[in-house]
Amino acid sequence: MEYGVICVLRVLFIRSTDPSKWERLQQLEPLTKRRRLSPGDSQTTAFVIDFVQQKCKLIEFDAEIIDRVTGIVRVNAYWTFPYLGR
């Protein structure tokens, strides 16, 4: 699970490294209300917030922006996984 947080961290760091790209990313839909209705998504978001703020000590990112970025990544990213049956 911690590996999945890396993508969220990379997007969070874009805010300071590439403000124009950050603004474009903010146009993507995070489906916040819909994700909050899902217990799995709520647990994932809580884990990501804790990981970023507590383990990584990145307190400059508040829970709201971490939640938004987590949603943007989960809703808009294309994930590929190797086929485990071969």
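The values are calculated or read from the model by the stated rules, or taken from the named source; none is laboratory data. Values in this document were obtained by computation on a predicted structure and should not be read as measured data. Cβ: placed from backbone, ideal geometry, glycine included. Neighbour counts: every protein chain shown.
Observations on the structure shown:
- Condition check for D41: under 13 Å from R74 (Cα atoms) and assigned to a helix (DSSP H, G or I): yes
- Subset tally (residues that are closer than 20 Å to Y78 by Cβ and among the polar types (S, T, N, Q)) for the stretch 16-31: 2
- Residues satisfying the stated conditions in the stretch 61-79, i.e. in a helix (DSSP H, G or I), over 10 Å from the mean Cα position of the chain (by Cα) and at pLDDT 90 or above: A63, E64
- Test for V5: is it at pLDDT 85 or above, on the phi < 0 side of the Ramachandran plot and β-branched (V, I, T): yes
- The listed residue being surrounded by 14 or more Cβ atoms within 10 Å (Cβ to Cβ), modelled with pLDDT of 95 or more, among the hydrophobic types (A, V, I, L, M, F, W, C) and part of a loop (DSSP other than H, G, I, E, B), out of L58, L12, L28: L58
- For the stretch 31-55, a tally of residues being in contact with a Gly (Cβ under 7 Å, 6 or more places away or on another chain) and surrounded by fewer than 18 Cβ atoms within 10 Å (Cβ to Cβ) returns 2.
- K33 vs. criteria out of contact with any Phe, Trp or Tyr (no Cβ under 7 Å at 6 or more places or on another chain), among the basic types (K, R) and either within 12 Å of I65 (Cβ to Cβ) or modelled with pLDDT of 95 or more (or both): no
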